[in-house]
Every structure is written in C-alpha cells, then in structure tokens.
Amino acid sequence: MEQEQKSAVNPTAPARQTILIVEDEPTLRALVRKVLERGGFQVIEAPSGLAALELWNQKKPHVDLLLTDMVMPDGISGRQLAEKLKSENPKLKVIYTTGYSPDLMGKDFVVKEGVNFLQKPYPPQKLVETVRNRLASE
C-alpha cells in the first residue's frame, strides 16, 4: 500500500532528461538549476550562447531541452543559439525566456506562454510544469 502511494505522488516524474540552461544572470541560473534538479532533471548550464555551443559539442547526444534567455552577451541571442542547435538536432525541444516583451523578438517569431516561452519572472512550479509539458510535446 505504501509503495502504491509513493508512485501516485508524482506520476509525471521525468526519466532524468537533461536540460541545457543558458542564462547570463548567475543568481537566476543557479536558482533555475536548483528548481529543475529538484524536479528530477539533470542540468547543465552556460552563462552565454558561446559557452553553450562549447557544452553542446561535448554533450549534444544527452541534451533533451534547451532553456535559453533571449538576450545574452557574446553576440549570440537565444534565438540564434536555438536555431544552430536545432539544425544539428531537429528533435531538440526549446523554451525561451526573457524579461522583455516577447513582441521585441519579431513578428515572424512565434512564442506561446507556458508552451515554448516563459516571461520572467516566473514561479518555480510553472518552470517545472512548462519543461515537462514541452518535453512531452511533439
């Protein structure tokens, strides 16, 4: 009976998928890492798009989802990073985040809150829920 209760507590627990977090703000990056690890995910992180490309070259077979800030230093935006990584792995899931208005990303760029986009600041539970939903989507 106790075993049945344990399995029913978190029926949507992930199968240890790996999330690549790209966020230039160290405090936020650490918080997001902690929230996702508590949610059962493996996490690798980078402070910029260029650092993320280096990590990608080492870890790409293991990365299931890219969680990237849209505006970052080093001359590569979250959108450019995602396009590059998806050209190498079309099945890669992406969630974009920003503290700016999503309208600034361009009219040809489709983002949907809670699906492939999170407006900063966002609550921890919404982060975990959005990541799980995005990983489960086609």
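The values are calculated or read from the model by the stated rules, or taken from the named source; none is laboratory data. Since we're looking at a predicted model, the values are computed, not measured. Note that we place each Cβ from the backbone using ideal geometry, even for glycine, and neighbour counts take in every protein chain shown.
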*Flag if VAL111 is touching a Pro at 6+ places or on another chain (Cβ under 8 Å), at pLDDT below 95 and either within 18 Å of PRO26 (Cα to Cα) or hydrophobic (A, V, I, L, M, F, W, C) (or both)*: yes
*With the condition kept exactly as written, say whether any residue in the stretch 39-58 is surrounded by fewer than 15 Cβ atoms within 10 Å (Cβ to Cβ), farther than 19 Å from ALA136 by Cα and touching a residue at least 40 places away in the same chain (Cβ under 8 Å).*
no
*So is ILE19 at pLDDT 95 or above, β-branched (Val, Ile, Thr) and surrounded by 14 or more Cβ atoms within 10 Å (Cβ to Cβ) or not?*
yes
*Return the total of residues in the stretch 21-51 being among the aliphatic types (A, V, I, L, M) and assigned to a helix (DSSP H, G or I).*
8
*Go through the stretch 59-83 and give me each residue that's surrounded by 18 or more Cβ atoms within 10 Å (Cβ to Cβ), in contact (Cβ under 8 Å) with a residue 40 or more places away in the chain and not in a strand (DSSP E or B).*
VAL63, ASP64, MET72, GLY78, LEU81
